[in-house]
Amino acid sequence: MHPRTHVFLTAGTALLAAAVVPATVLPALAVPTGPLPAPPPTAEPSSAAFPSTAPSTAPSTALSGAPSAARAPVRQGAAGPPAEGTASAAALLARAGECDRISDGLYRTRDDTPPTVAVCDTKGAVFWKADMDIDCDGQLTARCNHEADPYYQEQTAFTQSDGRHLNAEKLPYIVVPMTSSIWDHSSSGIHGGSVAAVIHANKVQYAVVGDIGPPGIIGEASHAAARGLGILTDPAGGGVPSGVTYIVFKHSQVSPLEDHDAAVRLGNELANKFLREN
């Protein structure tokens, strides 16, 4: 994994933790073992034989309503679409095919590899196809720390709404290269909080632009982004050497940046627009 260059910003207060609602377990109904007498023709046992059925389901219904959704963690909001959205990986890859190159040259995926990756332009987005190295920078966590990551830094180029640096273990984010003669991401309408659809092995993971890396290297995403795609998350030896497509939507913005539900909703909307227009 290559060393990373970042912008240092000030840390702030901690995020609130979310409550977890236990599931409701319904009791089993006993089944008689002897022969059953024939019921009278006019009998209606379904409404009288099981008087507890309706009350037993009431708690489950109440727990699935709005109060529970309001307490859910950022990544698991009930109001948003599923993590991969409705735009399929195959459809997105078909549109991100032939490259109309906008980078003035090519990027390396690591310090010791030749430059092979171009940044491509298309209507509503830019994209590139590269590897994925694991970025664990930002907040200190059980899986993102100096022992787990030899290049760990406590700062990310962009911060949460409370001023703290991002949590790579929880927030799916990608890293864009520092502005250089190869490419200036801001000239393409790409900034901190821009939404990306990251595709690997027929899976789509929505993420935000959350960090800035070295000027000549591309192909990096957070621990959480890799986990969502089924990629090994070990920052020292994980990631994949190729086969990852990053589609970043121009002039998109998630606020607050750490709201992953908002990133999924906006990303899904922009991905479907991308499919219609390309």
Residues (open to solvent by 30 Å² or more (accessible area, probe 1.4 Å), within 17 Å of the chain's Cα centre (by Cα) and not hydroxyl-bearing (Ser, Thr, Tyr)) located in the range 192-233 = His200, Ala201, Asn202, Lys203, Arg227, Gly228, Gly230, Leu232
ask   = Which number in (1) of a type in the set (A, V, I, L, M); (2) within 26 Å of Leu232 (Cα to Cα); (3) touching a residue at least 60 places away in the same chain (Cβ under 8 Å); (4) open to solvent by 20 Å² or more (accessible area, probe 1.4 Å) marks the one condition that Val117 misses?
value = (4)
remark   = Across the range 145-186, the tally of residues that are of a type in the set (Asp, Glu) and in contact with a Cys (Cβ under 8 Å, 6 or more places away or on another chain) stands at 2
remark   = Wholly inside the range 187-270, strands (runs of 3 or more DSSP E) that include 2 or more residues that are touching a strand residue (DSSP E or B) at 6+ places or on another chain (Cβ under 9 Å) and of a type outside the set (A, V, I, L, M) are 203-213, 220-222, 240-249
message = Tell me the residue from Tyr173, Tyr151 that is within 22 Å of Ser242 (Cα to Cα), hydroxyl-bearing (Ser, Thr, Tyr) and modelled with pLDDT under 95, please.
response = Tyr151
Positions within the range 123-172 being closer than 25 Å to Tyr107 by Cα and hydroxyl-bearing (Ser, Thr, Tyr), in sequence order = Tyr151, Tyr152, Thr156
ask   = Given the structure, is Val254 crowded, with 19+ Cβ neighbours inside 10 Å and in contact with a Ser or Thr (Cβ under 7 Å, 6 or more places away or on another chain)?
value = no
key: Single condition Val248 does not satisfy, out of (1) of a type outside the set (Gly, Ala, Ser); (2) open to solvent by less than 10 Å² (accessible area, probe 1.4 Å); (3) in contact with an Asp or Glu (Cβ under 6 Å, 6 or more places away or on another chain); (4) over 14 Å from Asp135 (Cβ atoms)   = (3)
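The values are calculated or read from the model by the stated rules, or taken from the named source; none is laboratory data. Since we're looking at a predicted model, the values are computed, not measured. We place every Cβ from the backbone using ideal geometry, glycine too, and count neighbours over all the protein chains shown. Side chains included, ligands, DNA and RNA excluded: accessible areas come from the protein's heavy atoms. Shrake-Rupley method; radii C 1.70, N 1.55, O 1.52, S 1.80 Å.
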